[in-house]
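A.B. asks: Below you will find the structure I want to go over with you.
The values are calculated or read from the model by the stated rules, or taken from the named source; none is laboratory data. Keep in mind the model is a prediction, meaning the values are calculated, not measured. In this analysis, Cβ positions are derived from the backbone assuming ideal geometry, glycine residues included, and neighbour counts consider all displayed protein chains.
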Amino acid sequence: MIHRPAAGRKLEDRLLKVISACAALLGILALAWILLVVIEKGATAINWDFFFHRTLPTGEAAGGVGNAIVGSALLVGLAIVIGVPLGMMAGVYLAEFGRDTQFGTAVRFSANVMMGIPSIIVGLFVYALLVKPMHMYSGWAGAVALAILMLPIIARTTEDMLQLVPNALRESALALGAPRWKVTFQVVFRAARVGLLTGLLLAVARVSGETAPLLFTCLNSPYWPTSLNGPVANLPVTIWDHAMSPYDDLVRIAWGASLLITVGVLVLNISSRLILRRSAHE
Amino acid sequence: MAVRMKPGEQRKSDPFDPAQGRPEQRRKGDRTFRWITASCAAVVLVLIAGFFVRLTLSCRPSLAQFGWRFLISSDWDQVAEKFGALSSLYGTLVSTAIAMVIAVPLSLVIALFLVELAPPTLRRVTGSAIELLAAVPSIIFGMWGFFVFAPFMARHVEPALGKGLGFLPLFRGPPVGIGMLTAGIILALMILPFISAVMRDVFQMVPPVVKESAYGMGATTWEVTRKITMRYGVRGLVGACFLGLGRAVGETMAVAFVIGNNSDIHASLFAPGNTIASTLANEFSEANGDLYISALIELGLILFVVSFILQVFANLWLKSLTRSMGAGL
């Protein structure tokens, strides 16, 4: 065995500890820097008009993002309506029927792959599928793109959460004579409801800041959303459009919208974590 | 077939197999239920196949016009309708490489910090901060990058790099802040949480007995990490890198903000460039003409194929790892 003096090895070890602590600090600082900038610049834009007026071209006083807030809520809401039932049923299949079938394995694997496919590809796909044949950018297409993004997330979290439910619970319900769907929805879902809720919150958090898929599907609009058969105003694309404009007042509004999205996404994230942690303690 | 087993789970006796002599009606109901859920699951498969088919069909004009030369041509001329993917491919490659060079070592030491070094309170705070960094939307990174970080780079970092390393062509040129280097650094921040999360799981999978034996021999933390933990989990660490790579390749909005959207190829990392995703984000809504749009969609197809291969590879890699190490990842 080669003899190495302890002093050098200890110094090396100390050095590693310092470096790794610095790296962790760097991660925290990056997050803090981003959040502080967004809060500082965004806060100057937040006022009454910001929430209740629609986006206006530069020069006109009192522009806001009211229409984009409503539009984003509509798009995300519709995406939930489309994506959540589909994703949950897919998750039910994976957990209840397809645990070790070949089809189940293939679906599980594809869902994992799909979660890593860039969201811009989903936007491009929906553009080619819906927007181009219909010759029209529309809120529907935007909602479909967001729903496609949600689908694998919901399916996988649903599967994971249902798998945590002990089999004895299913067996007792079946022994009482309940049909399978009733067992799933009234017994298993109820036992896993906290987990399902957190999965939903995380999926919503994930898509509500997505910009790239909306860029190709529902564009943006300066008007209040009245119908989904045309471009619909939404926060992410409004940020993009306003930030790229050379006018200070529009950039300020983009920062306000950034603050709104950041707070929304982080609140969804943190609350889902808290819910999960509290249920784990019970 | 190997399956994932949770402790306490009993698999073999499946008492609710609808085929086990149940009343006729319930059997029918159960079968319908199974079919409905299975068709929802099939949607996932259909979508993946759909991405490929739909994008391929939509870029036929460009495929017919440019053929294989699309991949090696550096033209990007909207007026003459001559398109090639080279500059976007180059930009994607360079920005991803910068991101990986920065993010992989950082993630490694952060994961190490979280698993081996930090006291429990600090571990929770740091862990949560890194996870929240992953939750910040891409466009917020873009806003911060464009208005705050790029000027910071132009004023402080790039002049210093130019002075210190200016003998390399990589660090020459005017320090404008908007360009490959800034995009790469922001990408690194964005993929860091994903890589370090997987690496943390890998470190936690190393059996304590193995580490304790090394500590018992008098090894320091760094020696245990380098010679035991990292060797034991080397496959997992590589898998983590591939997951991060898959993320970096397709990141769109943050890069679109700071990379400068320029289709010329420069040797300098300070110079503006473009990536596949940033070209799509910047040019798609203004594109007119079938050929232009189909060339953009072909870029998208390339990006899809690349990230698909990366994801499939990373998932297969990590799956075989989970099996061989016998724990949940």
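A.B. asks: Could you check region B:297-310 and list, in sequence order, the residues that are touching a Phe, Trp or Tyr at 6+ places or on another chain (Cβ under 9 Å) and either surrounded by fewer than 24 Cβ atoms within 10 Å (Cβ to Cβ) or closer than 12 Å to B:Phe51 by Cβ (or both)? First the steps, then the outcome.
C.D. replies: Initial filter on region B:297-310 (touching a Phe, Trp or Tyr at 6+ places or on another chain (Cβ under 9 Å)): B:297-302, B:304-305, B:308, B:310.
Result: B:Ile297, B:Gly300, B:Leu301, B:Ile302, B:Phe304, B:Val305, B:Phe308, B:Leu310.
A.B. asks: Checking the conditions here, which among A:Leu36, A:Leu94 is of a type in the set (A, V, I, L, M), outside the structural domain of A:Pro236 (by TED's automatic domain parsing) and not in a loop (DSSP other than H, G, I, E, B)?
C.D. replies: Sole residue among the options that is of a type in the set (A, V, I, L, M), outside the structural domain of A:Pro236 (by TED's automatic domain parsing) and not in a loop (DSSP other than H, G, I, E, B): A:Leu36.
A.B. asks: Is it the case that region A:86-98 has a residue that's over 17 Å from B:Ile36 (Cα atoms) and at pLDDT below 95? Steps first, please.
C.D. replies: Of all residues in region A:86-98, those over 17 Å from B:Ile36 (Cα atoms) come to none.
No, region A:86-98 has no match at all.
Condition check ((1) surrounded by fewer than 24 Cβ atoms within 10 Å (Cβ to Cβ); (2) in a helix (DSSP H, G or I); (3) in contact with a Lys or Arg (Cβ under 6 Å, 6 or more places away or on another chain)) across all residues:
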position	(1), (2), (3)
A:Gly83	no, yes, no
A:Gly87	no, yes, no
A:Phe125	no, yes, yes
A:Leu130	yes, yes, no
A:Thr157	yes, yes, no
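A.B. asks: Same structure, new question: Identify the residue in region B:98-150 that is at the interface with chain A (Cβ under 8 Å from one of its Cβ atoms) and outside any helix (DSSP H, G or I) and, among all such residues, is farthest from A:Val207 (Cα to Cα).
C.D. replies: It comes out as B:Ala118.
A.B. asks: Note down all Cβ pairs under 7 Å where the first residue falls in region A:199-218 and is surrounded by 24 or more Cβ atoms within 10 Å (Cβ to Cβ), the second is of a type in the set (D, E, K, R), and they're at least six residues apart or on different chains.
C.D. replies: Cβ pairs passing all conditions: none.
A.B. asks: Among the numbered conditions (1) assigned by TED's automatic domain parsing to the domain that holds A:Asn234; (2) part of a helix (DSSP H, G or I), tell me where A:Arg54 comes up short.
C.D. replies: Unmet for A:Arg54, out of (1) assigned by TED's automatic domain parsing to the domain that holds A:Asn234; (2) part of a helix (DSSP H, G or I): (2).
A.B. asks: With the structure loaded, tell me whether A:Ala24 is farther than 30 Å from A:Leu196 by Cα, at pLDDT 90 or above, buried (at least 19 other Cβ atoms within 10 Å of the Cβ) and within 14 Å of another protein chain (Cβ to nearest Cβ) or whether it fails that test. If you could, list the steps in order and put the result at the bottom.
C.D. replies: On the way: farther than 30 Å from A:Leu196 by Cα: yes; at pLDDT 90 or above: yes; buried (at least 19 other Cβ atoms within 10 Å of the Cβ): yes; within 14 Å of another protein chain (Cβ to nearest Cβ): yes.
Taking the combined requirement at face value, the residue satisfies it.
A.B. asks: For region A:109-123, what are the residues that are surrounded by fewer than 22 Cβ atoms within 10 Å (Cβ to Cβ) and more than 7 Å from every other protein chain (Cβ to nearest Cβ)?
C.D. replies: Of everything in region A:109-123, just one residue is surrounded by fewer than 22 Cβ atoms within 10 Å (Cβ to Cβ) and more than 7 Å from every other protein chain (Cβ to nearest Cβ), namely A:Met115.
A.B. asks: For region B:124-145, name all the residues that are surrounded by fewer than 23 Cβ atoms within 10 Å (Cβ to Cβ) and touching a Phe, Trp or Tyr at 6+ places or on another chain (Cβ under 8 Å).
C.D. replies: Listed by number, the residues that qualify are B:Thr126, B:Ala134.
A.B. asks: Would you call A:Ala257 crowded, with 18+ Cβ neighbours inside 10 Å and over 30 Å from A:Arg108 (Cα atoms)?
C.D. replies: Details: crowded, with 18+ Cβ neighbours inside 10 Å: yes; over 30 Å from A:Arg108 (Cα atoms): yes.
So A:Ala257 passes the test.
A.B. asks: Could I ask something else about it? Do we find a residue being under 19 Å from B:Leu269 (Cβ atoms), in contact with a Pro (Cβ under 7 Å, 6 or more places away or on another chain) and within 14 Å of chain A (Cβ to nearest Cβ) anywhere in region B:176-184? Please lay out each step first, then the result.
C.D. replies: Of all residues in region B:176-184, those under 19 Å from B:Leu269 (Cβ atoms) come to B:176-184.
Going one step further and asking which of them are in contact with a Pro (Cβ under 7 Å, 6 or more places away or on another chain), we end up with B:177-179.
Of the ones still in play, those that are also within 14 Å of chain A (Cβ to nearest Cβ) are B:178.
Checked against the condition, which is being under 19 Å from B:Leu269 (Cβ atoms), in contact with a Pro (Cβ under 7 Å, 6 or more places away or on another chain) and within 14 Å of chain A (Cβ to nearest Cβ), region B:176-184 yields at least one hit.
A.B. asks: Helices (runs of 4 or more DSSP H) wholly in region B:193-265 with at least 2 residues that are not aliphatic (A, V, I, L, M) - which ones? Give the steps one after another, and end with the answer.
C.D. replies: Numbers: elements: B:208-216, B:221-224, B:234-250, B:253-258.
Of the helices (runs of 4 or more DSSP H) lying wholly inside region B:193-265, those with at least 2 residues that are not aliphatic (A, V, I, L, M) span B:208-216, B:221-224, B:234-250.
A.B. asks: Test B:Ser95 against the stated conditions and say whether it is more than 13 Å from chain A (Cβ to nearest Cβ), within 23 Å of B:Glu283 (Cβ to Cβ) and not in a helix (DSSP H, G or I).
C.D. replies: Values: more than 13 Å from chain A (Cβ to nearest Cβ): yes; within 23 Å of B:Glu283 (Cβ to Cβ): yes; not in a helix (DSSP H, G or I): no.
Considered against the rule, which asks whether it is more than 13 Å from chain A (Cβ to nearest Cβ), within 23 Å of B:Glu283 (Cβ to Cβ) and not in a helix (DSSP H, G or I), B:Ser95 comes out as no.
A.B. asks: Moving to a separate point now. For region A:194-282, give me every one of the helices (runs of 4 or more DSSP H) that falls completely inside it and has 2 or more residues that are under 28 Å from A:Met89 (Cβ atoms). Before the answer, list the steps.
C.D. replies: On the way: elements: A:212-215, A:235-243, A:248-281.
Filter on region A:194-282 gives A:212-215, A:248-281.
A.B. asks: Here's a follow-up. Pairs needed: first member in region B:34-62, closer than 15 Å to A:Tyr127 by Cα and more than 7 Å from chain A (Cβ to nearest Cβ); second member anywhere, among the acidic types (Asp, Glu) and surrounded by 14 or more Cβ atoms within 10 Å (Cβ to Cβ); C-beta distance under 8 Å; at least 6 residues apart or different chains.
C.D. replies: If the second residue must be among the acidic types (Asp, Glu) and surrounded by 14 or more Cβ atoms within 10 Å (Cβ to Cβ), the pairs left are B:Cys59/B:Glu298.
A.B. asks: Let me ask another. Output the residue which, of all residues in region A:128-152 that are of a type outside the set (A, V, I, L, M) and facing another protein chain (nearest Cβ under 8 Å), is nearest to B:Arg247 (Cα to Cα).
C.D. replies: First, the residues of region A:128-152 that are of a type outside the set (A, V, I, L, M): A:132-133, A:135, A:137-140, A:142, A:152.
So of that shortlist, the ones also facing another protein chain (nearest Cβ under 8 Å) come out as A:132, A:152.
Details: A:Lys132: 28, A:Pro152: 16 Å.
Here the answer is A:Pro152.
A.B. asks: Does A:Gly98 count as more than 20 Å from the chain's Cα centre (by Cα), at the interface with chain B (Cβ under 8 Å from one of its Cβ atoms) and crowded, with 22+ Cβ neighbours inside 10 Å?
C.D. replies: Details: more than 20 Å from the chain's Cα centre (by Cα): yes; at the interface with chain B (Cβ under 8 Å from one of its Cβ atoms): yes; crowded, with 22+ Cβ neighbours inside 10 Å: yes.
Yes, satisfied.
A.B. asks: For the list (1) facing another protein chain (nearest Cβ under 10 Å); (2) surrounded by 19 or more Cβ atoms within 10 Å (Cβ to Cβ); (3) not β-branched (Val, Ile, Thr), I need the number of the one condition that B:Glu283 fails.
C.D. replies: That leaves (1) as the condition not met.
A.B. asks: Now a separate question. With respect to A:Val267, is the statement that it is within 14 Å of the chain's Cα centre (by Cα), surrounded by fewer than 17 Cβ atoms within 10 Å (Cβ to Cβ) and more than 28 Å from B:Thr279 (Cα to Cα) true?
C.D. replies: On the way: within 14 Å of the chain's Cα centre (by Cα): yes; surrounded by fewer than 17 Cβ atoms within 10 Å (Cβ to Cβ): yes; more than 28 Å from B:Thr279 (Cα to Cα): yes.
In short, yes.
A.B. asks: From the list B:Gly142, B:Gly173, B:Gly184, B:Gly179, which one is assigned by TED's automatic domain parsing to the domain that holds B:Ile265, at pLDDT below 90 and of a type outside the set (A, V, I, L, M, F, W, C)? Don't jump to the end; show me each part of the working.
C.D. replies: Values: B:Gly142 fails: at pLDDT below 90; B:Gly184 fails: at pLDDT below 90; B:Gly179 fails: at pLDDT below 90.
Selected residue: B:Gly173, the only one of B:Gly142, B:Gly173, B:Gly184, B:Gly179 that is assigned by TED's automatic domain parsing to the domain that holds B:Ile265, at pLDDT below 90 and of a type outside the set (A, V, I, L, M, F, W, C).
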